[in-house]
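The values are calculated or read from the model by the stated rules, or taken from the named source; none is laboratory data. Everything quoted here is computed from the prediction, not taken from an experiment. Cβ sites come from the backbone with ideal geometry, for glycine too, and all protein chains shown count toward neighbours.
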Amino acid sequence: MALQNINPTTTKSWQELSNHFNEIKDINIKDLCKESKRKEDFSIQFNDLLVDFSKHRITKETISLLVNLAKEVGLKEAIESQFSGEIINVTEGRAVLHTALRSSTDDSILIDGKDIKPKIQKALRKIKSFSNKVISGKWKGYTGKSITDVVNIGIGGSDLGPDMVVESLKFYKNQLNTHFVSNVDGDHVSEVIRNLNPETTLFVIVSKTFTTQETISNAETIKNWFLKSATIFDIPKHFVAVSTNLEAVDSFGIDKNNVFPMWNWVGGRFSLWSAVGLSISLSVGFDNYKALLEGAEEMDIHFRNEDFENNIPVVLALISIWYNNFYQAETEAVLPYSQYLSKLPSYLQQAIMESNGKGVDRNGHKIDYQTGTIVWGSTGTNMQHAFMQLVHQGTKLIPADFIGYKESLHGLTDHHKKLMANYYGQMDALAFGKTKEEVHLELKVSGNQDKINQLLPFKVFEGNRPSNAILFDKLTPNSLGKLIALYEHKIFTQGILWNIYSYDQFGVELGKELAKKLLNK
């Protein structure tokens, strides 16, 4: 069953939302939060995850009307279409099945009449076996030494996903050091290989076609560097590939046994769950990699089965649409209160902006309403001393996701108390602000009586600025898997409601084509 192609602005639900928006657009979060059960009514608990969306310019009616919109455009049917392997990436003629990569059930998923589950399980066994060999030291380099360093060579989804996860799970890493080369900038690759020993380094080349300009340029440069001290016969001990182009991989010198599969039903920016995540498994061990997949699967099951009102990705997507399309808020901030998640905003920029940055709908018509949000962010508390000034007192409305953890990993409880006090304090400050009266009293008490009139306007915080609290018990591979899958499903939900194709990315092509023409001049 194909996706329904419904312009959301033509629906009855959208008209009702527009009317509702005009009625409540000047509503204040501070007043809403005086309701006795506000937090309880606007929170969802799911295993080790609590999402509190009480600090928003919304009422129960807002959520109800947004849910009606999701139903009217066929979201439930679209979710089933995705999970069952229908060709929902219509422009490229592909299914979208990153969810299948982490599915542990025996239910078959058919592509061209063949069950893909056995292939997935086979690839996982290969990842496990290979990771164990390298981590244990049984895999030897060309001089008989064990591997100490792993270099992932890729770009886009073949780099951002694994890089973000390896950084996020650094607490769980083993003795291997993992590096990432992506940019075609020669200074990047030069800096990475400068301190590496070719005798003890393993290179993982990730490229579906094995023709991506950046990846192959970097791979060739690294190969030439390697061959200064080794021979072509040593390449199989130090280079492996994640690719579909076996011929190109073979001519590069990589042993066919050291090639891991990629499938065209997995988009690059959703591929860390496949063999593209090999560097994750090498960095933290296969058991932790499997726990990452299991966390994602828990979120998949929740997303697929839960009613929209209690469905975390759906609710977060609907609230985002409320601000984007009714309040005309153009950006969203992602603010993890964990230094481990420093690369999450960059990863989500690709996942969200490459997916939903579309100006043509599923009918091929130019869109006259807002689609993809601009995503940006950084880690707390760093960003409190940087761009949060604009979020608090600037002229733009910027909904924000605050991601926190009840427990720290290294056990410095005093640090963690301060971190979490800031986590909650920032959300309260955004929502409730500081009135003229409060500032007046503060200045009076502090002995600035003579400067009250001069300073007053600068120290007032209007508040009424929205945020989500996304709170996990602890940063584990499992909880990270849940978090990434949450955002994946939020992306999908928004794409369905905006009537766009979230899984193609033709927008990345033109600049590359022109670069090729310039190179060939």
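Selection within the range 102-117: residues that are in contact with an Asp or Glu (Cβ under 8 Å, 6 or more places away or on another chain) and exposed (fewer than 13 other Cβ atoms within 10 Å of the Cβ). The member of this set that is farthest from Tyr289 (Cα to Cα) is Ser108.
Table: residues versus (1) of a type in the set (D, E, K, R); (2) in contact with a Gly (Cβ under 8 Å, 6 or more places away or on another chain); (3) more than 25 Å from Asn325 (Cβ to Cβ); (4) part of a helix (DSSP H, G or I).
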{"residue": "Ile352", "(1), (2), (3), (4)": "no, yes, no, yes"}
{"residue": "Gly372", "(1), (2), (3), (4)": "no, yes, no, no"}
{"residue": "Val375", "(1), (2), (3), (4)": "no, no, no, no"}
{"residue": "Ser408", "(1), (2), (3), (4)": "no, no, yes, no"}
{"residue": "Gly411", "(1), (2), (3), (4)": "no, no, yes, no"}
{"residue": "Lys417", "(1), (2), (3), (4)": "yes, no, yes, yes"}
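The single condition from (1) within 11 Å of Ile153 (Cβ to Cβ); (2) of a type in the set (A, V, I, L, M); (3) not in a helix (DSSP H, G or I) that Ile216 fails is (3).
To keep it simple, each residue is scored yes or no on (1) touching a Phe, Trp or Tyr at 6+ places or on another chain (Cβ under 9 Å); (2) at pLDDT 95 or above; (3) β-branched (Val, Ile, Thr).
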site	(1), (2), (3)
Ala400	no, yes, no
His415	no, yes, no
Gly425	no, yes, no
Phe432	yes, yes, no
Asn448	no, no, no
Ala469	yes, yes, no
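Pairs linking a residue in the range 315-332 that is assigned by TED's automatic domain parsing to the domain that holds Thr59 to a residue that is modelled with pLDDT under 95, with Cβ atoms under 7 Å and 6 or more positions apart or on different chains, do not occur.
A quick yes/no check of all residues on (1) closer than 30 Å to Tyr503 by Cα; (2) not in a strand (DSSP E or B):
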{"position": "Val151", "(1), (2)": "yes, no"}
{"position": "Glu167", "(1), (2)": "yes, yes"}
{"position": "Asn183", "(1), (2)": "yes, yes"}
{"position": "Asp187", "(1), (2)": "no, yes"}
{"position": "Val192", "(1), (2)": "no, yes"}
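Within the range 263-294, work out how many residues are more than 17 Å from the chain's Cα centre (by Cα), surrounded by fewer than 24 Cβ atoms within 10 Å (Cβ to Cβ) and under 29 Å from Phe171 (Cβ atoms). Don't jump to the end; show me each part of the working.
Within the range 263-294, the subset more than 17 Å from the chain's Cα centre (by Cα) is 263-265, 275, 278-279, 281-288, 290-291.
When the remaining residues are screened for being surrounded by fewer than 24 Cβ atoms within 10 Å (Cβ to Cβ), the result is 263-265, 285-288, 290-291.
Within this subset, residues satisfying the condition of being under 29 Å from Phe171 (Cβ atoms) are 285-288, 290-291.
Residues meeting the conditions: 6.
Based on this model, can you work out whether Leu75 counts as aliphatic (A, V, I, L, M) and loosely packed, with under 14 Cβ neighbours inside 10 Å? No, not satisfied.
When you look at Leu97, is it assigned by TED's automatic domain parsing to the domain that holds Val360 and in contact with a strand residue (DSSP E or B) (Cβ under 9 Å, 6 or more places away or on another chain), yes or no? Talk me through it step by step, then tell me what you get.
Numbers: assigned by TED's automatic domain parsing to the domain that holds Val360: no; in contact with a strand residue (DSSP E or B) (Cβ under 9 Å, 6 or more places away or on another chain): yes.
No.
For (1) within 24 Å of Phe83 (Cβ to Cβ); (2) touching a strand residue (DSSP E or B) at 6+ places or on another chain (Cβ under 8 Å), each residue gets a yes or a no:
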position: Trp225; (1), (2): no, no
position: Val249; (1), (2): no, yes
position: Pro261; (1), (2): yes, yes
position: Asn264; (1), (2): yes, yes
position: Leu278; (1), (2): no, yes
position: Tyr289; (1), (2): yes, no
position: Asp300; (1), (2): yes, no
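Evaluating Gly364 against the criteria (1) outside any loop (DSSP other than H, G, I, E, B); (2) closer than 16 Å to Ser502 by Cβ leaves one unmet condition, (1). For beta carbons closer than 9 Å, sequence separation of 6+ or different chains, a first residue in the range 290-313 that is free of Cβ contacts under 8 Å to residues at least 60 places away in the same chain and a second that is buried (at least 21 other Cβ atoms within 10 Å of the Cβ) and outside any helix (DSSP H, G or I), the qualifying pairs are Asn305/Asn311.
Given the range 1-88, what helices (runs of 4 or more DSSP H) lie entirely inside it while holding 2 or more residues that are of a type in the set (Lys, Arg)?
Working: elements: 12-24, 29-32, 38-41, 60-72, 75-83.
Helices (runs of 4 or more DSSP H) meeting the threshold: 38-41, 60-72.
Does Ile44 count as in the same structural domain as Asn478 (by TED's automatic domain parsing) and in contact (Cβ under 8 Å) with a residue 12 or more places away in the chain? The answer is yes for Ile44. For the range 343-397, enumerate the residues that are exposed (fewer than 15 other Cβ atoms within 10 Å of the Cβ) and of a type in the set (D, E, K, R). Listed by number, the residues that qualify are Lys366, Asp368, Lys396. Of the helices (runs of 4 or more DSSP H) that lie entirely inside the range 219-330, those containing 2 or more residues that are among the aromatic types (Phe, Trp, Tyr) and modelled with pLDDT of 95 or more span 286-305. Flag set for Ala421, criterion: under 35 Å from the mean Cα position of the chain (by Cα) and more than 25 Å from Ser320 (Cβ to Cβ). Here the condition is being free of Cβ contacts under 8 Å to residues at least 12 places away in the same chain and either at negative phi or out of contact with any helix residue (DSSP H, G or I) (no Cβ under 6 Å at 6 or more places or on another chain) (or both); of Gly447, Gly495, it holds for Gly447 alone. Among the residues of the range 186-244, those that are more than 28 Å from the chain's Cα centre (by Cα), surrounded by fewer than 18 Cβ atoms within 10 Å (Cβ to Cβ) and charged (D, E, K, R) comprise Arg194, Glu220, Lys228. Evaluation of Thr10 against the conditions (1) touching a helix residue (DSSP H, G or I) at 6+ places or on another chain (Cβ under 7 Å); (2) over 25 Å from Ala400 (Cβ atoms); (3) surrounded by fewer than 14 Cβ atoms within 10 Å (Cβ to Cβ) shows that the sole unmet condition is (1).
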